[in-house]
Each structure stands twice: as structure tokens, then as C-alpha cells.
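Taken together, the values in this text are just the output of simple stated rules run on the coordinates, not laboratory data. None of these values were measured; they are calculated from a predicted model. A quick note on method: Cβ atoms are made from the backbone with ideal geometry, for glycine too, and the neighbour counts reach across all protein chains shown.
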Amino acid sequence: MSMTESKTDYRNIFYPPGGILIWIIIFLELITFSLGLLAMVYYGKAESSLFHASSLTLNLNIAIVNTVVLLSSSYFMATAVQFTKEENTKKAADYTGLTIIFGLLFVCLKTFDYYLKIQAGEFLTTNTFYAFFWMLTAFHLIHVLIGLSILIYFYVAMKRGKETLQLTDMMAGAAFWHMCDLIWLLLFPVIYLIF
Amino acid sequence: MKNRIVLLLLLLFTLITAFVSGKQYALIVILLIADIKLFLVAFQFMELKKAHLFWRITLSLLIILVTMSLYILKN
């Protein structure tokens, strides 16, 4: 496995950590979700009582636990990258495994949250608040699932001692995972707290 | 070690956010804390602190612009 610290100079404008392509994706995703949230706040001003009443039906406890779970998974991911740089593949795989477990926990909790919403009859078409809630959180969940697929690939590759896995690939995958965290850190306060 | 401290700070800020929700000046506090958390994840976990100034400034401006716009639109 070729996972030694690359000679990449991150101070070079064309080589940010993880690569320029992943950072372009990160910026595009952050802008897209931000526009969605700004639209939500804009519509929320026009229907303030409806947005307030609807936001009170959300399960804040699940959202807080999910935030803790996702932040912890980000920490495990950063640690996995650290061990990858130190060429400690076993520990890097262990921490990638922990990241995957916490990512799956996030998915389970979010699915339970959706189950509660469906049970309560609060769907995408119920009102404007729920339209934004479902669209933004489901779009985020899709990103988490894509991130998990990438991490599972890395985990299997590390466990098999695959030669083709490079540090730059690992860092790009980690950057994608952290991006899911960044998006959630924007979604959580707006959807669950400010209405 | 640094990553561990950052994680503890992130968890602490999450608890503070949940606690101040519904209180006076909650909006500005919640958005400020969200900003700090975004900066911590981007600069420490994503190692943006090692990147070229262009990336650091661009992401910082984007985060500040978004949260400021949210604040202005909400008020």
C-alpha cells in the first residue's frame, strides 16, 4: 500500500488538502444548501406562525444526538487520516471503521426521525416548512450515504492491503465526509432552532 | 491531541446551542456558534489551515456571508 505522506505542497493554490476537485465540489454543495436554507428563512418570514408551529413538532433530541454522532465521526475520520500519514494502516482502518459505525448510526437515527414524521402524517406536501425539512435533510442524507460508500471502499481496501490506495484518495474521501458534517452544521440550527 | 480538544469544543458548543434555543438573543448566538463550529471542522479536521490563503479566505467569506444573510433575512 502506498500511503506515505505525499510531497504535495498544500500552500500551492492548486493543491488544497484532498485536491482541488473535491474543494470545488465542497464549495458548490455548500452554496446549494445555503441557498436552500436562505429560501427556507425567506418563506419562513412570510408564514412565521406556521413555521414556528411546525418546527415545534420536530424532535430536537434526535437532532442533537445526530449532531454529536456526526461530529464524533468527523473526529474519527481526521484521526484515520493522521494514522494514514504515519503509515499505520491498522489504526487507520480501525478509525475508518469507527467513522463508518457512527455514520451508520446517523443514518439509523435519521431514518427513525423520518419514521416518526411519517407516523404523525407530516409529509413533504403537508406545508412549506415540511417541504424544506424533507428536501434539505433527505438531500443531506443522500450525501451521507455516498460518503459511507466511499469510506466502506477505503476500509475494505485497507483491510486487504490494496496497493492502489493513495493518501490523496483517502484525504479526498475524508474531505467529502467532513463536507457532510459542514452541511449538517448549517442545517441543524436553521431547521431545528431558529423558527 | 489537537483534534480531541476540537471535538470537545464542538460538543460543548452543540450543547450550548441547544441550551440557548428559545432565549433572548438566541438567533445571533446560535448563528455565531454555528460559524465557530464550521470554522473548527474546516480548519482543523479538513486541514484547511495548511491550504493556500485563497482557500482559507474564500471558505471563511462564504461561511460569514451565509450566516449574515440568514440573520438579516430572519430579522
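Taking the Cα centre of the protein assembly as shown as origin and assigning +1 to Lys and Arg Cβ atoms and -1 to Asp and Glu Cβ atoms, the resulting dipole is close to 360 debye. Of the trypsin sites (Lys or Arg not before Pro) in the stretch A:157-195, the ones in a loop by DSSP (not H, G, I, E or B) with at most 15 other beta carbons within 10 Å are A:K162. How charged is the neighbourhood of B:T67? Take every other residue with its Cβ under 13 Å from the Cβ of B:T67, and add Lys/Arg as +1 and Asp/Glu as -1. In short, +1.
Angle of helix B:53-74 to the longest C-alpha principal axis of chain B, folded into 0 to 90 degrees and rounded to 10: 10°.
Take every pair of alpha-carbon atoms less than 8 Å apart whose residues are at least six positions apart; their mean separation over the length of the stretch A:20-193 yields a relative contact order of 33 percent. A DSSP coil position with no more than 11 other Cβ atoms inside 10 Å describes the following trypsin sites (Lys or Arg not before Pro) in chain B: B:K23.
The charge dipole of the stretch A:67-195, taken about its Cα centre with unit charges on the Cβ atoms of Lys, Arg (+1), Asp and Glu (-1) only, comes to about 200 debye. Summarising the overall dimensions of chain A from its C-alpha atoms, the Rg and Dmax are 18.6, 58 angstrom.
Over 23 Å between Cα atoms: which of A:K110/B:K23; A:K159/B:K2; A:K85/B:K37; B:K50/B:K74; B:K2/B:K50; B:K23/B:K74 fall into that group? Long pairs (Cα-Cα over 23 Å): A:K110/B:K23; A:K159/B:K2; A:K85/B:K37; B:K50/B:K74. Please work out the C-alpha center-to-center distance from the stretch A:120-189 to the stretch A:34-104 and express it in whole Å. Here the answer is 9 Å between Cα centres.
Just going by the charge dipole of the protein assembly as shown, with Lys and Arg at +1 and Asp and Glu at -1 on Cβ, which of B:L38, A:T126, A:F27 is farthest out on the positive end? In the protein assembly as shown, that residue is B:L38. Applying both filters, DSSP loop and at most 15 other Cβ atoms within 10 Å, to the chymotrypsin sites (Phe, Trp or Tyr not before Pro) of the stretch A:86-133 gives A:F123.
Along chain A, the longest continuous region that contains none of the GluC sites (Glu not before Pro) in a DSSP loop with at most 10 other C-beta atoms within 10 Å is A:6-162.
Two tests apply to each whole DSSP H helix in chain A, Cα reach of 15 Å or more along its axis and mean Kyte-Doolittle hydropathy of at least -1.0, and the ones passing both are A:20-46, A:60-85, A:89-119, A:128-160, A:167-187. In the protein assembly as shown, a dipole from Cβ-located charges (positive for Lys and Arg, negative for Asp and Glu) runs towards its positive end, and of B:T17, A:A174, A:T79 it is A:T79 whose Cα lies farthest in that direction. Charged side chains reduced to their Cβ positions (Lys and Arg at +1, Asp and Glu at -1) give chain B a dipole of some 160 debye around its Cα centre.
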